[in-house]
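One structure is given below, encoded as structure tokens.
The values are calculated or read from the model by the stated rules, or taken from the named source; none is laboratory data. In this text the structure is predicted, and so the values were computed from the model without any measurement. As a convention, Cβ positions derive from the backbone with ideal geometry for all residues, glycine included, and neighbour counts pool all protein chains shown.
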Amino acid sequence: MELKLRPAFLGGVMQASGNKPPAMVPNKALYMTKDLEHLASFVNIPLRSPADPFDVMFSKGSLAAMRFITAVAEKDKGSDHMVEKVSRELWNRIWSRDQDICEPESFSEVLCRYRNVWNIELKLRPAFLGGVMRGSDNRSPAMVPSKCPYIIKDLTRLASYMNVPLRQPSDFADVMFRKGTLAAMRFITATAEKHKGSDHLVEKVSRELWMRMWTTDQDICEPASLSEAGLMAGMSSREVEALLDMATSQPIKDKLKQVTQEALDNKAFGFPFIICHINGKPEVFFGSDRFELIAYYI
């Protein structure tokens, strides 16, 4: 392929798209700092975070550096050779040597599949995404106009890559924001509490509810919908009725709140949120694009 590097100003993109910098979400900023270390080790890149990341990212920024790279690109049109070299040097200054880049004299469904391959014990813990987003002061990606169309397109790519059947809900906003997943999470929480010690049914019910929402465009909020998911997961009618009653009880509501708070206490800012216990030490990973890193660390 032909690679064309085109310098642009991140601050301008974030502002114009109505997006919120990840570093402005406390839990996300902490995670990203740690995740950069994971990535640096995984891809064997020398990384040293700036001593004052906030000053570097927000007070100083990268505008002067981007203007300098733009000047290089305009001077050497037809070749990215110098643009690439200057960009790499500026990156190394900020992320390897903690040096300035502003002054004129400086200027740069998978866990389940791999459970047996990785020989891990997988524990699914239902939590409420809405509570995590509010509690972490994060903003839903779907609320950012430029990000929402991208995510929808990217989900289609991921579905093809992961070989997962995917069909977007016909009314995406209604499903995601008006109906939500609270009833479904309470039902799964009830299943988990009823069958402590085994995630077998939790996994099956979760999969059935996911398929209803993301493959067959069906409801996951009404009792009849939850009942159908339970039956499809292999439960009897009596078991399903008992779980529906449990799901509306205060103990189950409290349990879901407790697990959601535990996620926040571990600095969650969205889902999927994965905690790997490696040699007695918890390592946190976010997103469906971190499985290679998980494999590397375990």
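Values computed for the structure shown
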item: Positions within the range 173-226 being touching a Ser or Thr at 6+ places or on another chain (Cβ under 8 Å) and among the charged types (D, E, K, R), in sequence order; result: R186, R212, D217, D219
item: From the options A51, A40, A65, residue that is within 14 Å of P7 (Cα to Cα) and of a type in the set (A, V, I, L, M, F, W, C); result: A65
item: Cross-chain or 6+ apart pairs with Cβ under 9 Å, the range 218-234 first and on the phi > 0 side of the Ramachandran plot, then surrounded by 15 or more Cβ atoms within 10 Å (Cβ to Cβ); result: G234/L201; G234/K204
item: A263 vs. criteria crowded, with 17+ Cβ neighbours inside 10 Å, touching a helix residue (DSSP H, G or I) at 6+ places or on another chain (Cβ under 9 Å) and small (G, A, S); result: yes
item: Residues located in the range 175-199, provided they are among the charged types (D, E, K, R) and modelled with pLDDT under 85; result: D199
item: Unique match (being loosely packed, with under 14 Cβ neighbours inside 10 Å, polar (S, T, N, Q) and over 29 Å from R139 (Cα atoms)) among S170, S160, S237, S227; result: S237
item: Selection count, the range 50-60, where residues are outside any helix (DSSP H, G or I) and surrounded by fewer than 16 Cβ atoms within 10 Å (Cβ to Cβ); result: 2
item: Selected residue (criterion: surrounded by the most Cβ atoms within 10 Å (Cβ to Cβ)) from residues of the range 113-143 that are among the β-branched types (V, I, T) and closer than 26 Å to D265 by Cα; result: V132
item: Residue in the range 170-180 that is touching a helix residue (DSSP H, G or I) at 6+ places or on another chain (Cβ under 7 Å), part of a helix (DSSP H, G or I) and acidic (D, E) present; result: no
item: Those residues of the range 21-41 which are buried (at least 16 other Cβ atoms within 10 Å of the Cβ) and in a loop (DSSP other than H, G, I, E, B), in sequence order; result: V25
item: Search result, residues across the range 281-295 that are at pLDDT 90 or above and not aliphatic (A, V, I, L, M); result: K281, P282, E283, F285, F286
item: Helices (runs of 4 or more DSSP H) lying entirely in the range 182-298 (those with 1 or more residues that are within 18 Å of K123 (Cα to Cα)); result: 182-194, 200-214, 250-265, 291-297
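For every residue, the table says whether it meets (1) closer than 21 Å to F286 by Cα; (2) at pLDDT below 85.
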| position | (1), (2) |
| --- | --- |
| S17 | no, yes |
| K20 | yes, yes |
| D35 | yes, no |
| H38 | yes, no |
| P50 | no, yes |
| M57 | no, yes |
| D80 | no, yes |
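Conditions (1) basic (K, R); (2) modelled with pLDDT under 85, marked per residue:
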| residue | (1), (2) |
| --- | --- |
| E121 | no, no |
| R125 | yes, no |
| F128 | no, no |
| S136 | no, no |
| A142 | no, yes |
| Y150 | no, no |
| N163 | no, yes |
